[in-house]
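**Student:** Here it is, the structure in full.
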Amino acid sequence: MSLRYLAGRVAGMAGTLLGVAVVVFVVLRALPGDTITAKLGTQAATLTAEQRAALRHFYGLDASPVTQFFRWFGGLLRGDLGVSIDTGVPVTHLIGDALPVTVELAVLAMVIAVPIGVLFGMLAASRPGGARDFSVQGVGLLGLALPEFVVATVTVAWLASAFAYSPSAGTYVSLGDSFSGNLRQMLYPALVLAVGLAATVMRTTRSAYLEAAGSDFVRTARGKGLTEARVRFRHILHNAGIPIVTMVGIQFGYLLGGTLIVEQVFALPGLGRLLLDGILHQDYAIVQGVTLLVAAAFVVVNFAVDLVYRLLDPRTRSEGRRA
Amino acid sequence: MTQEMPPAAAAVVPAAPRTAGQPSLPRRILADRNGLIGVVLIGALALIALASLVHLGQDPLAQHQSGQLAGPSGAHWLGTDQFGRDIAARVAAGIFASLRVALVSVALATVIGGLLGVLSGFAGGILDAVVGRLTDVLFAFPATLLALALVAALGHGWFNTAVAIAVVYTPIFVRVARGPVLTVRESEYVRAGRVLGFSRSRLLFRHVLPNVSAPIAVQVALALSWAILTEAGLSFLGLGTQPPNPSLGLMVADSRNFFPDAWWTLLFPALAVVVAVVGLNLIGDGLRNALDPRTVRR
């Protein structure tokens, strides 16, 4: 991978992130009500013109939008995401508390979904068009079509009625507090997330496996008299790995912004729930901070996936130079 | 421009000009097993939605004091909810609401995204660079997150929800349309048209657009299914359709407290979403097979 290529990609990524910041700023300025009405609620109506002007000055709302943007953006670069109007806590603290929950949830869901998806994708592809392929594909389509909120709702209701266990009641136990207690809380939401994820991984694996299975080197491997297991794992799966890794990486990026419904149903204090609370309480700073963070993480994860892709596939690496 | 393509781009199929003697597109979709099942499922849902539109059956908002959370019966085919409202009527109205948001959002995304993609691919230069950057920025947001933030900014209401979903899916259509244009632009028939002195708009609309419509058509079916899921998800979170108006996502959210005893409060709205999503995906598969002569049944 040439240094020039890397520099170009990093510059492109920086440009995208700047664009993200502009979009977030513009969209959130369009939110109904301003900081003052959000802070004071109906009391805002009783303010005199002078009081309102003083407050607008205090919150920096009297400056031009461009000035406001650069003030805000400057703060961002210094790691200042603002303060939650609702609680007075810095947004970076709130995110610091919420991020580990979401990341753990995403990692756990991946750990569950990827082996299942790869295994069933291989199973389906081993005899394409057969009964096994048909049933695995049918289950996969169902896994994609079943909305997360339905699976989550059914899981919570089922746990409550069958085991008198209510995952959404009680307080959150962090990994540091109790490993087993935390795992018990996180397992079911992770399983819910894993349903759609496993289906996606399965479909990618199936088509990548079929693609690789049809290539010449597989025929050669079989011709050499290698065992079927060796052909399948060493030759086919190894080569099908690149699209699978890419898909898993992209899905991980999506998960960081896509655990919202599950966090809400299972009452987990992750990023999604923080964002939703921010929206419901018109807490600009929180919504801005979380949206920015997730989008930035998404961009960085995609960049990393692209790099891994290039490392895994020697054909995309050279461009006449050695990495 | 970043080089990776969104997962949606996996749906891209090569442009396949129709040749003489081939059956028409609807026939070819119906000849495909998946396509046929998909058309039947979506057709059934569309009929149910239409029935609710002309107020066939019960009023979805009418509360029957006597029969709250009553199971399916002759009077209420799919049972009643916690306020004694007829679930069949509410599911039908919910399907209508879902389809309305999905159709409007995808129509907006297809027209705007498709046009921007075709134009930027065909014209190249500054336009292509600007559109490309904008697309990159919008792609930087996970879909749910962007839809959520936009709904929060635009406010409730079905049209605002549709606009939010449209903004999320527009960049996908830009990329899906732009890719094949780059190839078609250099094809011999377009070059021949240039030599013959055809106007740009004639080249674009008569020669380029028909030949890039195949991948766009497949994408429309897939985007419709995501739009239905997104709308239902937003409603579930309380940010889409507002009560007492019926919405499939909201019905599932409400059923939480009554499931599994009153299973019908959850099963039927959930089933409607699943049928819609499966049906649209199958139509997408059917379209892909019908449009790509090289598709081998795998």
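Taken together, the values in this text are just the output of simple stated rules run on the coordinates, not laboratory data. The structure displayed is predicted, hence computed values, not measured ones. We place every Cβ from the backbone using ideal geometry, glycine too, and count neighbours over all the protein chains shown.
**Student:** For labels at residue B:188 and residue A:86 in the simple 7 Å Cα→Cβ model, what's the distance in nm?
**Tutor:** The two pseudo-label positions are separated by 6.5 nm.
**Student:** Can I ask one more? Need one value for B:146-159: mean number of C-beta atoms belonging to other chains within 10 Å of its residues' C-beta atoms.
**Tutor:** For this peptide, the per-residue mean of nearby foreign Cβ atoms is 4.
**Student:** In debye, nearest 20: dipole of the protein assembly as shown around its Cα centre with unit charges on the Cβ of K, R (+) and D, E (-)?
**Tutor:** With only Lys, Arg, Asp and Glu charged at Cβ, the dipole is about 2640 debye.
**Student:** Just order A:238-250, A:194-206 by mean Cβ neighbour count inside 10 Å, highest at the front, would you?
**Tutor:** Result, highest mean first: A:194-206, A:238-250.
**Student:** With charges set only on the Cβ (+1 for Lys and Arg, -1 for Asp and Glu), what does the dipole of the range A:86-187 come to about its Cα centre, in debye to the nearest 20?
**Tutor:** Rounded to the nearest 20 debye, it is 460 debye.
**Student:** Of A:262, A:297, A:233, which is farthest towards the positive pole of the range A:201-323's charge dipole, taken about the Cα centre with +1 and -1 on the beta-carbons of Lys, Arg and Asp, Glu respectively?
**Tutor:** Value computed over the given set: A:233.
**Student:** Based on the inverse mean of 1/r over its pairs of different Cα atoms, what is the Kirkwood hydrodynamic radius of the range A:98-316, in Å?
**Tutor:** 19.1
**Student:** Quick one: if you take sqrt(5λ) for each eigenvalue of the C-alpha gyration tensor of the protein assembly as shown, what semi-axes come out, biggest first, whole angstrom?
**Tutor:** Output for the protein assembly as shown: semi-axes of 38, 33, 28 Å.
**Student:** Tell me, what does the Kirkwood hydrodynamic radius of chain B come to in angstroms if you use every pair of distinct C-alpha atoms?
**Tutor:** 20.8
**Student:** Can you list the residues, at least 5 places off or on another chain, whose amide H is less than 5 Å from the amide H of residue A:83, using H built in the peptide plane?
**Tutor:** A:91
**Student:** Sticking with this structure for a sec: For chain B, with the dipole built from +1 on Lys and Arg beta-carbon atoms and -1 on Asp and Glu ones, taken about the Cα centre, which of B:135, B:153, B:79 lies farthest toward the positive end?
**Tutor:** The residue sitting most towards the positive pole is B:135.
**Student:** Put a dot 7 Å past each Cα toward the Cβ at residue B:130 and residue A:215; how far apart are the dots in nm?
**Tutor:** In this crude label model, residue A:215 to residue B:130 measures out at 4.2 nm.
**Student:** Which of the peptides B:193-202, B:83-92, B:176-185 is most tightly packed, and how do the rest follow, judged by the mean count of other Cβ atoms within 10 Å per residue?
**Tutor:** So the peptides B:193-202, B:83-92, B:176-185, ranked by packing, come out B:83-92, B:176-185, B:193-202.
**Student:** Work from the charge dipole of chain A (Cβ charges, +1 for Lys and Arg, -1 for Asp and Glu, about the Cα centre) and give the residue of A:109, A:163, A:47 farthest towards its positive end.
**Tutor:** It is A:109, whose Cα lies furthest towards the positive end.
**Student:** Just rank B:226, A:158, fewest to most, by other beta-carbon atoms within 10 angstrom.
**Tutor:** Taking fewest neighbouring Cβ atoms as first place, the list is A:158, B:226.
**Student:** Still on this structure: Please give the Cα centre distance for the range B:39-83 versus the range A:201-255, rounded to the nearest Å.
**Tutor:** A separation of 48 Å, based on Cα centres.
**Student:** Okay, moving on. If you count, for each residue, the other Cβ atoms within 10 Å and average over each peptide, how do A:51-57, A:107-113 line up from highest to lowest?
**Tutor:** Answer by packing, highest mean first, reads A:107-113, A:51-57.
**Student:** When the helices in the protein assembly as shown are scored as -39500 (n - 2.57) per DSSP H run of 4 or longer and the sum is shared across all residues, what 222 nm value do you end up with, to the nearest 500 deg cm²/dmol?
**Tutor:** When only DSSP H runs of four or more count, the value is -23000 deg cm²/dmol.
**Student:** Measure out, as a whole number of angstrom, how far apart the alpha-carbon centroids of the range B:91-141 and the range A:67-133 sit.
**Tutor:** The range B:91-141 and the range A:67-133 have Cα centres spaced 25 Å from each other.
**Student:** Now for a different question. Within 10 Å of each Cβ in A:150-163, how many Cβ atoms from other chains are there, averaged over the peptide?
**Tutor:** That works out to 4 on average.
**Student:** On average, how many beta carbons from a partner chain sit within 10 Å of the beta carbon of a residue in B:222-231?
**Tutor:** Mean partner-chain Cβ count within 10 Å for B:222-231: 1.
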